[in-house]
Amino acid sequence: EPSIVWFRRDLRTSDHPAILAAAERSPRALGLFVLDDRLLKPSGQARIDFLHRCLHALNDELGGRLMVVHGDPVTTVPRIAEEIGAGSVHISADYAPYGRKRDEAVEEALGDVELVRTGSPYAVAPGRVLKQDGTSFKVFTPFRNAWLEHGWRRPADSDSSTVDWVEPHGGQEIPDVEEKLPDAQALWEKFRDERLPDYDKTRDRPDLDATSRMSAFLRWGVLHPRTLLRDCDGTFRSELAWREFYADVLWHRPETARENYDRKFDRMVHDDDKELFEAWKEGRTGFPIVDAGMRQLKQEGFMHNRVRMITASFLVKDLHLPWWWGARHFMEHLVDGDLASNQHNWQWVAGCGTDAAPFFRVFNPTTQAEKFDPHGAYVRRYAPDSPDITPIVDHAVERQVALDRYQAIKA
Ligand code: FAD
């Protein structure tokens, strides 16, 4: 009897532990992807397009045999398992709140057909790295040190040839895409050879093409972090450790996808000016670096990390809007949008997260731009008209308002 490999955040065939586990059970497997409205509905076009490009690439790797169906996984996966008489369903474990619940429900609905979890989207699965007293880490640096000490295995040298992919019956066409997905491995190697040596010095510069742009590939599992970790150390490794840290935090505290990690911030007073929010979303604030970032997000489904921090700080500390409004907008548009990384980076900026930036450190969008976009190239590229827009707020005034509100909750 064949197995099913149900792909989710692991859209690749090489170095794929769940495929290897399926191959141990049976030489034949059906490759399945379920288009789930719960995840698609809140996603903007750029995110959905990227997913479709990943699915086309995966389908090619499977010799055109990826089965794509639209539906609720809780009913769809067991139905297909029954139709093909599958002996087991293989997945890479999902650690985010919705994915965990969904997988438990699918497991129950599958009855006697085993749901086998092998591997995860992380070098070290969330929940594994603990303090000596058995509790979870709340601060990044000690987490990173323990994570490094824990270690991970090297990438496996395997590919899809380990199983014979079953021809699907039914399912739907993958929607057309304008561009094919580039080969993530080749892009990584180019970055590693040409840019990684200067990463420390250049990574904060949005005007330079100086970061890896691997985040969306990691988000969808086109590449596993193991592959990158094999080739890097120092600062770049630490950046990947942030991704693992936030997944770990969300695993231990799933409610922090919506709620302040630091509950003191529940008392923070927020404004709710929808017009200011619209101006921020559309990149019409009159603060050129903020506008450039927000427009890059809309155009490309991506924003440079430094600019994510500046635009997020602006929403929270200059406009006094709730961080989760901004986080939702980012999740809609970011091709790499990931619940753990997104919500916890937002909370870091807002001061209410683990290990957060001290609230009194308010980013000044003008001096940030002078420092990190010194020739104005980033602004000219994305928001050339912004310097002519009248600023929607006075930064010095709003900074003081933010600090006063913070003092009030601290007291
Ligand atoms: P590089 O600089 O090349 O970094 C390499 C990899 O390290 C990234 O691909 C990413 O996987 C990881 N990484 C780097 N910085 C961080 C970080 N601060 N937190 C977690 N992982 C990190 N990243 C996401 O992947 N998804 C998100 O939804 C997301 N939302 C964010 C929201 C805000 C408000 C902020 C400030 C940051 C957010 N980040 C998010 C983190 C970071 O901005 C992106 O990972 C990075 O810009 C992606 O570009 P890159 O791959 O070129 O990064």
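Read-outs throughout are calculated quantities, based only on the coordinates presented, and are distinct from any laboratory measurement. As the structure is a prediction and not an experimental result, all values here were calculated from the model. Backbone-built Cβ (ideal geometry, glycine too); neighbour counts: all protein chains shown.
Of Lys41/Lys298; Lys317/Lys410; Lys180/Lys201, which pairs sit farther than 23 Å apart, going by alpha carbon to alpha carbon?
Over 23 Å Cα-Cα: Lys180/Lys201.
Report the relative contact order of the chain, percent, no decimals, based on alpha-carbon pairs under 8 angstrom and at least 6 residues apart.
Result for the chain is 19 percent.
With springs only between Cα atoms under 10 Å, which of Gly44, Gly337, Gly71 fluctuates most in a Gaussian network model of the chain?
Looking only at Gly44, Gly337, Gly71, the biggest GNM fluctuation is shown by Gly71.
Fewest to most neighbouring Cβ within 10 Å: what's the order for Val139, Val113?
Val139, Val113
Relative contact order of the stretch 1-104, please, whole-number percent, based on alpha carbon pairs below 8 angstrom and at least 6 residues apart.
43 percent
In which sequence would Phe314, Phe143 go, from the one with the fewest C-beta neighbours within 10 Å to the one with the most?
By the 10 Å Cβ count, ascending, the order reads Phe143, Phe314.
Counting pairs of alpha carbon atoms under 8 Å apart in space and at least six apart in sequence, what relative contact order in percent does the stretch 86-213 give?
Relative CO of the stretch 86-213 lands at 16 percent.
Would you order Thr285, Thr390 from fewest to most other beta-carbon atoms within 10 Å of each residue's own beta-carbon?
Fewest to most other Cβ atoms nearby, the residues stand as Thr390, Thr285.
When the chain is modelled as a GNM with alpha-carbon springs shorter than 10 Å, which of Asp112, Asp164, Asp291 fluctuates the most?
Of Asp112, Asp164, Asp291, the Gaussian network model singles out Asp112 as fluctuating most.
Based solely on its DSSP helices, what 222 nm [θ] is calculated for the chain when runs of n ≥ 4 H residues each add -39,500 (n - 2.57) and the sum is averaged over all residues, nearest 500 deg cm²/dmol?
-14000 deg cm²/dmol
List every residue whose amide H lies under 5 Å from the amide H of His90, counting only residues 5 or more places away in sequence or on a different chain, with H placed 1.01 Å from N in the peptide plane.
Answer set, sorted by chain and number: Ile4, Val5, Trp6, Val116.
For Lys281, which aspartates and glutamates qualify as cross-link partners when the Cα separation must be under 12 Å and same-chain residues fewer than eight apart are set aside?
Within the straight-line cut-off, Lys281 pairs with Asp291, Glu332.
Using the Karplus equation 6.51 cos²θ - 1.76 cosθ + 1.60 (θ = phi - 60°), what ³J(HN,Hα) coupling, rounded to whole Hz, does each residue of the stretch 254-266 give in order, writing x for Gly and Pro?
x, 5, 6, 5, 10, 9, 4, 5, 9, 5, 4, 6, 4
Picking from Ala18, Ala357, Ala383, which is most flexible by a Gaussian network model of the chain using Cα springs under 10 Å?
Looking only at Ala18, Ala357, Ala383, the largest GNM fluctuation is found for Ala357.
Given charges of +1 on the Cβ of Lys and Arg and -1 on the Cβ of Asp and Glu, with all other atoms neutral, how large is the dipole of the stretch 258-410 about its Cα centre, in debye to the nearest 20?
With only Lys, Arg, Asp and Glu charged at Cβ, the dipole is about 360 debye.
In the chain, once you exclude exposed GluC sites (Glu not before Pro) (DSSP loop, at most 14 other Cβ within 10 angstrom), what's the longest stretch remaining?
The longest such stretch corresponds to 180-411.
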